[in-house]
Structure formats: C-alpha cells, structure tokens
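Let me begin by presenting the structure, written as structure tokens, before commenting on it.
Values in this text are rule-based calculations from the coordinates and carry no lab data. Computed from a predicted model, the values in this text were never measured in an experiment. Neighbour counts run over all protein chains shown; Cβ positions are idealised from the backbone, glycine included.
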C-alpha cells in the first residue's frame, strides 16, 4: 500500500474495515511507511468496540498505529491499550510533538 490518506470506504480503507457505517465522514487515516496514523477519528456508535476492531485490523495487517496528540477519551483509550507516549521533534512543524504508538500491545475486550 502506498503512503497517503486513507479515506472512508476506499479500497484501502476496506482492508481495515474502515467504513462509513462505523465512522463519521470527518474520520480518516494516513499511511506513512510502516505506520497507520490516526489523526482524527470518530465512531458513529460509541462504546461498541468499533475502534478496538479497527486497531486489531491494522495490527493484523502488520502496521504500527500512531496517534499524534490524542485528546479527551482517546488519551484514556490509548493508555488502557498500552500505547507508549513519545515526544519527538517534527522538522515539518519545527517543534516537538506528542505521539502515542501501539506496537506490541494486546487488545483487551
């Protein structure tokens, strides 16, 4: 899969079951090398496991999940799932940014 945006319902999105029946139209993923970046995502039905299933699907395809500067509930979700917080210097924006990555973690249902 080539790098770039992964829009809902696209052929690339269907590999992860990232579809508009589960996520709002504002949601998107981004592939960069061996990572799938979740910059903005919103489930339609909160708390029914769609996000956990998405994480599992991404992991099963062999990608690392990366979430830049998570807000609110996403921060809690990432902690619960064992993601690691890193602060890295991003030369594109010229400053340090917070990144949470899930590489070797287990989904708890």
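Summary of values
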quantity	calculated
Residues of the stretch 1-32 classified as in a loop (DSSP other than H, G, I, E, B) and either out of contact with any helix residue (DSSP H, G or I) (no Cβ under 7 Å at 6 or more places or on another chain) or closer than 18 Å to residue 73 by Cβ (or both), total	13
Matching entry among 41, 65, 77 (being closer than 17 Å to residue 9 by Cα, touching a residue at least 12 places away in the same chain (Cβ under 8 Å) and crowded, with 16+ Cβ neighbours inside 10 Å)	41
